[in-house]
Structure formats: C-alpha cells, structure tokens
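What follows is a set of notes on a single structure, which appears directly below.
The values are calculated or read from the model by the stated rules, or taken from the named source; none is laboratory data. Here the structure is a predicted model, which means the values were calculated and not measured. A quick note on method: Cβ atoms are made from the backbone with ideal geometry, for glycine too, and the neighbour counts reach across all protein chains shown. Note: accessible area is taken over every heavy atom of the protein model, side chains too, but ligands, DNA and RNA are not part of it. Shrake-Rupley method; radii C 1.70, N 1.55, O 1.52, S 1.80 Å.
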Amino acid sequence: MAFSGFSDTSTPQPKKDLPRISGSEAVIRSFLEEGVETIFGYPGGAIIPVYDALYSYRDKVNHILVRHEQCAIHAAQGYARATGKTGVCIVTSGPGATNTVTGLADAMLDSTPVVLISGQVASNTLGTDAFQEINFIEITNSVTKWNCQVKRAEDIPEAIARAFYIASSGRPGPVVVDITKDAQNGLLDFEYKPKKFIRSYQPYADIDNDQISEAVRLINLARKPMALIGQGVILAGAERELQDFLEKSGIPAASTLLGLSALPSDHPLYVGMLGMHGNYAPNIKNRDCDLLIAIGMRFDDRVTGDPSKFGINAKIIHMEIDPAEINKIIYADVPVLGDVKQSLPMITERISKNDHTEWINEFRVCNNIEREDIIEPAIERRGAHLRMGEVVDAVSKEFDDAILVTDVGQQQMFASKYFRFKRTRSIITSGGLGTMGFGLPAAIGAKIGAPEREVCLFVGDGGLQMTSQELGTIFQSNVGVKIILMNNGFLGMVRQWQELFYNKRYSFTELVNPDFELLAKANRIAYRCVERHEDLDDAVREMHSTPGAFLLECRVQREENVFPMVPAGAPVHDIRLE
Amino acid sequence: MDREFIITIFSENKVGILSQVTTVFTHRNVNIESIAASPSAIEGIHKYTIMVKNDPERVANLVKQIEKKVDVLKVFCYTPNEVVLQQLALYKVKRSRNVEDMVRRHNVRILEIHDEYIVLEKTGHKEEIDELYQMLAPHGIYQFVCSGQVAIIKSRRELLDEYLKYVNAKYQRMMLQENK
C-alpha cells in the first residue's frame with residue numbers, strides 16, 4: 001500500500017545514487033530538511049554520536065546548551081510559541097530523557113509542537129537495565145502526542161519526518177523519537193521525504209456545512225452572545241479571520257490565558273480574560289449570555305469553574321480541531337469540528353452584520369467597576385510597598401510590543417491581566433500544567449526565536465529558583481532577556497490560598513532567599529533592585545536601555561492577593577472582587 | 001448509570017500500541033473488564049476488543065481519546081445487543097462422578113483427563129461461564145482461567161473498510177493536487 005508505515009522487518013534496498021551517511025548525520029540532515037535552525041539540548045553518553053555529527057554542522061544549526069534537560073524542552077516551547085515553528089531538542093538516555101518529562105507534559109497540555117530526540121542504549125542491550133537505560137517510550141506514552149523508538153539507522157529519516165508532521169499538524173503537541181546508539185552509528189542511504197499523510201492520523205476534519213449553518217442561525221438569533229478566544233486561534237494563524245468574524249458580528253470577545261494577544265488588548269470588542277483570576281466582566285456576564293462561541297479552546301476547569309453552571313443560560317457553539325475536546329467538559333449544542341482558520345470565514349461569510357452595543361455596554365460597566373476597585377488601586381504608586389500590578393504596568397508601558405513570558409503563580413496572573421498586547425504570539429506561559437520554573441527557560445527560547453523583539457519575563461522568587469541554573473545559559477549564549485523578579489519572599493499564590501481558605505496557616509510557603517544580586521553577578525548578568533515606587537520607572541528604563549540580559553529584582557509587598565478571584569469549584573459568576 | 005460497552009479498536013500493527021491504549025484507560029479513570037487482542041480480517045491491522053462497564057458519556061469521551069492516538073485507525077463502541085460475544089474458559093477440577101455428570105449435561109469439552117483431575121473447556125457468554133464455575137466450585141476447582149471476551153458485529157462487513165476507503169480517497173486527492 002502506498003501509505004504503509006515504516007516497518008521493523010522490511011529489508012532495506014541499497015540505492016546507489018544516494019549519499020551513504022551515519023544515522024547521526026541523518027538526524028541532523030533530516031532537521032535541515034525540516035528547516036530547523038535552532039536546537040536546544042544537552043549531551044550525554046547515548047547521544048554522543050549525534051553530537052559528533054552536529055559538530056560538522058555548527059555553521060548550519062544553532063545549538064543552545066542548556067543547564068538541565070527540562071529546560072531544553074521549556075526553551076523549545078518558548079521558541080515554538082514565539083515563532084510558530086516546531087521546537088527541537090536533543091538529550092541523552094536515562095536521566096537526560098526522564099528530566100524532560102515535565103516539559104513534555106507541559107507541551108502536551110498546552111498543545112505546543114516540540115520534537116525531542118532522545119538517545120538510547122544500543123539495541124542489543126535494551127531490556128538489560130544497562131547503564132542509563134530507561135524505557136522512555138513507556139514513560140512518555142501519556143505525555144506525548146506520539147512517540148517511537150528507532151533501532152535501525154535506515155529508519156531515522158522516516159521517523160523524523162513523521163515526528164515533524166505529527167508535532168505540527170492538527171492540534172500540535174510534543175513527540176519523542178528515541179534512537180538507539182547502534183542506529184545512530186549505523187549507515188544508511190540518506191533520502192528524506194517530508195510526511196504529509198499517515199492513514200491512521202487525520203488531523204483535519206472535513207468541515208460539516210450543516211454545523212456551519214446551525215452556528216450561523218444561532219449567531220444571528222443571539223441577543224447576548226460572547227466569543228471565547230482560545231490558543232487554537234493563534235495555533236491556526238486565524239487572528240485575521242477572528243477579527244473579521246467579530247467585527248461583522250459585533251460580538252464581544254474574552255480570551256483564555258493562552259489565547260491572549262490573538263486579539264489586541266485595545267480592540268473595541270475585547271472584554272478581558274476568562275478564568276479563576278481573569279477579569280470581572282467576562283466571568284460575571286457568563287450567566288447572562290444566551291450564546292457562547294468557543295473558538296479553539298478546551299474549557300479548562302480554571303476557565304469554567306463549576307462546569308454545570310457555566311453558561312447556564314447559553315447555547316454553546318464549540319469550534320475545535322480536536323474531536324476529543326467536543327463534549328468533554330461542556331456539552332456543545334453545535335460542535336464545529338475543524339481548523340478555525342477554515343471554519344471562521346465560512347461562518348463570517350454567512351452571518352448578518354450586527355452590533356450589540358447595549359450588551360457590550362454591560363461589559364463596560366463591569367470593566368469600570370474592576371478598574372476602579374481593583375486595577376487602579378493595584379497600579380497606583382502608593383502604599384508602603386511596591387506591588388506587582390504597578391510593576392507590570394510600568395514594564396508594559398516602557399516595553400511597547402514585547403513578548404510577555406511568565407512563570408506560574410501570582411505574577412503570572414498580574415502580568416497576563418495588566419500587560420497590554422498589540423500583536424499575536426505575545427504571551428508565553430504555562431497554562432495547563434502550571435509548571436513553576438517554566439518561565440526562565442521559555443524566555444530564553446522565545447528570545448532566540450524572535451531576537452528582534454524584546455522578551456520580558458515575570459517570575460517569582462520561588463519559580464526563579466526552580467530553574468535558576470539557566471542564568472548560565474543566558475550568559476553563555478548571550479540571550480538578551482529582561483527578567484523581572486517579583487520577590488515577595490513567599491510562594492505567593494499558595495500563600496494566598498492559605499490566607500483565604502486555610503486560616504492563614506502559612507505551611508512552608510515562606511522562602512528565605514539567596515542574594516539575587518550575587519546570583520546575577522555570578523552569571524555576569526546586569527542587575528538592579530527596586531523597592532520604592534519612585535525608583536520604579538527609572539529602573540525599568542535602565543533595564544530597557546541596557547543591552548543584553550537584565551535582572552530587575554522588585555521587592556514587592558510580602559502579602560498581596562490577586563483579585564478578582566473565582567473560588568475553586570464555584571460557578572464563574574460567583575467571582576469575588578475582594 | 002453504568003452500562004456495558006464493547007470497544008473495538010483497530011490499529012496499525014506496531015510495537016507498544018496496547019500499552020498506549022491501556023494508558024488512556026488509566027488516565028481517564030475507566031476500568032477494563034476484559035481485553036482481547038488479535039489480528040483483524042484486514043492484513044496489517046490489529047484489533048483489540050475491550051469490555052467496559054461505565055457511564056455512557058464517559059465511554060464516549062474515552063473512545064475519542066483512544067482514537068486520538070496516532071497509530072490507532074478507528075475505534076467503535078457497541079452495546080452488547082449489537083454484537084455476538086463469546087469467551088473461553090478452562091477449569092481444572094477434581095475428578096468425581098458428579099463432575100463427570102455435569103460435564104455431559106452442560107456441553108462442556110473435556111481437554112484432558114488425569115487420575116486426580118480433569119481439564120474442562122467452556123465457550124460461551126460470560127454468564128454461562130460464571131454459572132459453570134459456581135456449579136463446579138463445591139467439587140473443588142484447582143485452577144481456572146478465562147479469556148477476554150471477543151465480539152463480532154452483526155452487520156456483514158467490517159466497518160473499518162469504510163474508514164479505509166475514506167482515507168484512501170483523501171490520499172488520492174492529495175496526490176492528484178500535488179502532481180498538478
């Protein structure tokens with residue numbers, strides 16, 4: 001059959017006109033065929049042959065040596081999300097491989113295209129508990145979109161072609177190609193055919209016209225509709241199509257955390273961020289909606305709160321590429337399966353031009369309440385201590401059109417809500433897995449992927465110390481990321497929960513920190529500390545005007561809470577302003 | 001309410017698929033009641049028959065999660081009345097006059113007879129196998145083993161054929177477009 005997969009039993013037919021090269025070189029040449037420019041990795045015993053081949057291709061491929069394999073994946077994620085290309089990593093077997101599991105899981109939950117090549121012990125020692133042998137395929141089954149083990153050199157190009165196709169098509173995700181050392185050392189006749197078809201894998205559903213018609217009908221009838229923008233819009237490159245749809249329908253739009261920047265923050269139809277710590281308006285108005293149009297999003301529990309009360313008076317149109325997300329959490333009255341880049345224009349074309357001025361004004365009223373009660377006090381330069389909101393605001397004003405990278409926790413919520421986005425692919429954050437330590441390596445990847453843009457990382461004192469070894473990578477590879485450290489001496493988000501729900505029993509959330517100035521200096525990174533409101537703007541300007549990396553330590557109020565907040569498990573319209 | 005479903009999974013014949021499939025069950029918190037793996041009537045395609053007892057909505061979601069696995073071609077889900085179900089059990093029982101009478105009455109095959117024990121084979125529905133077990137138990141069952149249930153759908157053709165036709169047509173269209 002024309003499209004049968006690579007098999008483990010077929011005998012290779014030598015072809016005389018093809019170059020005969022090693023499996024390792026085939027790995028690198030396959031990368032070049034896929035247009036790979038940057039690899040994040042860490043060498044080790046079982047991957048030395050690939051590193052040896054890479055040595056000859058140093059002028060063609062940029063390799064970033066990270067300090068821990070977890071960060072190779074996070075950096076590749078940052079790279080992928082800043083550029084839209086597939087991130088690529090190489091690690092060794094055993095601990096090198098297992099260290100990547102958190103990154104793979106993160107990429108899996110946030111649909112990030114990543115190809116990981118892991119070394120593996122020689123095939124004749126597989127299953128003997130050899131040195132640095134681990135069953136990586138088994139370990140990664142639930143954290144990858146696809147994985148495979150390659151035991152023969154001649155199977156490498158096909159495996160890598162499949163890996164890139166699967167990682168980047170449909171709903172993207174991480175894939176692992178585990179290559180035994182003898183396959184790396186073996187010889188093959190190199191021929192590369194990019195993959196475009198796998199019969200057991202149909203990533204793009206044919207769009208169903210009946211579903212489109214039904215969606216159009218509901219949209220035309222709706223009096224209080226709201227669009228929910230997910231990362232699917234960005235992954236599909238459907239930002240233009242989204243704006244066309246919104247502007248014709250006049251429907252207000254809220255964004256998930258990962259969907260931020262698909263629509264500019266100042267767009268007249270943008271009404272804020274969804275979710276537990278999202279904005280007030282899109283949460284409180286959820287109950288009043290008569291139609292929710294979810295566009296490339298998956299109803300994460302941080303977005304829905306109590307799913308049985310989510311959009312309780314609304315019909316749901318769910319536009320989604322992954323069939324398994326339809327009816328998983330929220331029942332879709334009209335599922336529109338397929339790529340939103342295709343389905344959105346089909347809907348836009350057929351809906352009537354409309355505006356929902358009065359309805360949008362209801363959002364504006366809520367936005368104003370939040371601005372007066374929460375946002376303005378948060379960014380105001382007053383009180384005894386510097387606060388996170390004002391820092392984000394100051395940085396966002398100074399760094400026009402930067403890529404925002406965040407770690408996980410309070411700074412993540414402050415940054416994602418108070419940062420203003422002008423263009424797409426401007427937020428990189430760990431949404432699904434909530435991986436502390438994600439920020440620093442992801443910022444490295446983002447800056448390498450988009451060197452022409454400023455990259456601002458917001459990170460807490462807890463998160464920075466989870467992957468602070470990557471400050472060494474920043475120095476070695478001269479990566480100009482701006483690190484804004486929100487130091488409150490606490491694991492702030494957990495402390496907030498302890499304060500609100502656990503009677504202020506601050507169980508192991510206080511951090512006694514190292515001297516971050518010395519940490520920056522040890523890694524030869526420019527540093528400044530700011531503690532007072534009146535020094536903030538100057539410090540941010542200094543960070544901006546200093547070439548290269550910069551660590552700005554902001555000593556912020558020790559016990560500050562993120563509001564609004566939807567209590568865990570409550571309906572989203574129970575959002576609390578204090 | 002929990003109901004019984006028969007999930008048939010068609011996959012490429014590759015190493016490690018069973019493990020990928022069972023991972024989905026553990027991840028989505030659904031227990032496997034029984035499982036059987038075999039080649040299908042289509043060359044190069046493997047078939048898994050998995051019985052579950054669970055909430056219909058959860059099973060519907062589970063089916064989509066399994067189908068999402070790249071090397072899985074197609075997953076079908078049936079209720080027991082849509083399929084012909086059978087399973088096979090072996091019983092090693094202490095020899096006695098009573099047992100031998102029972103064997104004659106219950107259409108049970110005798111596979112082996114020893115001085116001390118007799119090995120019996122019963123093919124049938126799960127209920128029949130359980131029933132025989134209950135009857136033999138008082139006479140002393142030394143060993144018992146039971147296969148996973150296997151199922152054949154009542155419609156004539158394998159439904160997978162239609163999927164294969166669909167993807168083949170898609171592939172041909174793609175190749176045509178490329179050659180233009």
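Kirkwood radius for the protein assembly as shown, taken over all pairs of different Cα atoms as the inverse mean of 1/r, rounds to 28.5 Å. Remark: spin-label model distance A:ARG217-A:LYS353 equals 2.6 nm, labels positioned 7 Å along the Cα→Cβ axis.
In degrees, nearest 10, range 0 to 90: what is the angle between the Cα axis of helix A:239-249 and the longest Cα principal axis of chain A? Tilt relative to chain A: about 30 degrees.
Karplus-based coupling profile of segment A:64-79, in residue order and whole Hz: 9, 7, 7, 10, 7, 4, 3, 6, 4, 5, 4, 5, 5, 5, x, 4, with θ = phi - 60° in 6.51 cos²θ - 1.76 cosθ + 1.60 and x standing for Gly or Pro.
Bridges between two residues of segment A:90-220, per DSSP, are antiparallel at a rate of about 5%. Phi-derived couplings, Karplus 6.51 cos²θ - 1.76 cosθ + 1.60 at θ = phi - 60°, listed residue by residue for segment B:175-180: 5, 4, 4, 5, 6, 5 Hz, with x used for Gly and Pro. Against chain A, whose longest principal axis is taken from its Cα atoms, helix A:533-545 shows a tilt of about 30°. These residues, A:PHE31, B:PHE76, go from largest to smallest accessible area, 1.4 Å probe, as B:PHE76, A:PHE31.
For B:LYS14, a cut-off of 17 angstrom between C-alpha atoms picks up these aspartates and glutamates, skipping any fewer than 8 places away in its own chain: A:ASP8, A:GLU138, A:ASP155, A:GLU158, A:ASP178, B:GLU43, B:GLU67, B:ASP71. Averaged over the residues of peptide B:21-33, the number of Cβ atoms from other protein chains lying within 10 Å of each residue's Cβ is 1.
Among the trypsin sites (Lys or Arg not before Pro) found in segment B:136-174, those both in a DSSP coil and sparsely packed, with 10 or fewer other Cβ atoms within 10 Å of their Cβ, are B:LYS154, B:ARG156, B:ARG157.
In this structure, the amide hydrogen of B:TYR117, modeled 1.01 Å from its nitrogen in the peptide plane, lies closer than 5 angstrom to those of B:ARG95, counting only residues at least 5 positions away or on a different chain. Among the residues of B:10-16, the average count of other protein chain beta-carbon atoms within 10 Å of the residue beta-carbon is 4. With R₀ fixed at 25 Å, the C-beta to C-beta distance from B:GLU112 to B:ILE152 puts the FRET efficiency at about 0.30. In sequence order, segment A:103-111 has phi-based couplings of x, 4, 4, 4, 5, 5, 6, 9, 6 Hz under the Karplus curve 6.51 cos²θ - 1.76 cosθ + 1.60, θ = phi - 60°, and Gly or Pro positions carry x.
Overall shape: rounded for segment A:20-189, with the ratio a/c of the largest to smallest alpha carbon gyration tensor axis below 1.5. Model label points for B:GLU162 and A:TYR502, set 7 angstrom from Cα along the Cα-to-Cβ axis, are 5.3 nm apart.
Among the residues of A:191-203, the average count of other protein chain beta-carbon atoms within 10 Å of the residue beta-carbon is 4.
Legend: translational diffusion of segment A:191-302 by Stokes-Einstein, Rh = Kirkwood radius over C-alpha pairs, 10 °C, 1.306 mPa s; D = 102 µm²/s.
Cα gyration tensor of segment A:386-555, axes a ≥ b ≥ c as square roots of the eigenvalues: rounded (a/c below 1.5), prolate (a/b > b/c) or oblate? Note, shape of segment A:386-555 comes out rounded. With all pairs of separate Cα atoms included, chain B yields a Kirkwood hydrodynamic radius of 18.8 Å.
Counting only DSSP H runs of at least 4 residues, each contributing -39500 (n - 2.57), and dividing by the residue count of chain A, the helix-based mean residue ellipticity at 222 nm comes to -10000 deg cm²/dmol. DSSP assigns beta bridges within the protein assembly as shown; of those with both partners inside it, close to 45 percent run antiparallel.
Within the shell of other residues whose beta carbon sits under 12 angstrom from the beta carbon of A:ILE47, the net charge comes to -2, with Lys and Arg scored +1 and Asp and Glu -1.
Based on alpha-carbon atoms, the Kirkwood radius and the radius of gyration of segment A:147-186 give Rg/Rh equal to 1.04. With 28 Å as the limit on Cα-Cα distance, the pairs of A:LYS145/A:LYS285; A:LYS315/A:LYS397; B:LYS64/B:LYS180; A:LYS328/A:LYS482; A:LYS193/B:LYS69; A:LYS196/A:LYS341 that go past it are A:LYS145/A:LYS285; A:LYS315/A:LYS397; B:LYS64/B:LYS180; A:LYS328/A:LYS482.
Note on A:GLU542 and A:SER142: the model spin-label points, each 7 Å out from Cα along the C-beta direction, lie 4.9 nm apart. By DSSP, the beta bridges lying fully in segment A:386-555 are antiparallel in about 5 percent of cases. Please state the shape class of segment A:258-362: rounded when a/c is under 1.5, otherwise prolate if a/b exceeds b/c and oblate if not, all from the C-alpha gyration tensor. Because its axes are fairly even, with a/c under 1.5, segment A:258-362 counts as rounded.
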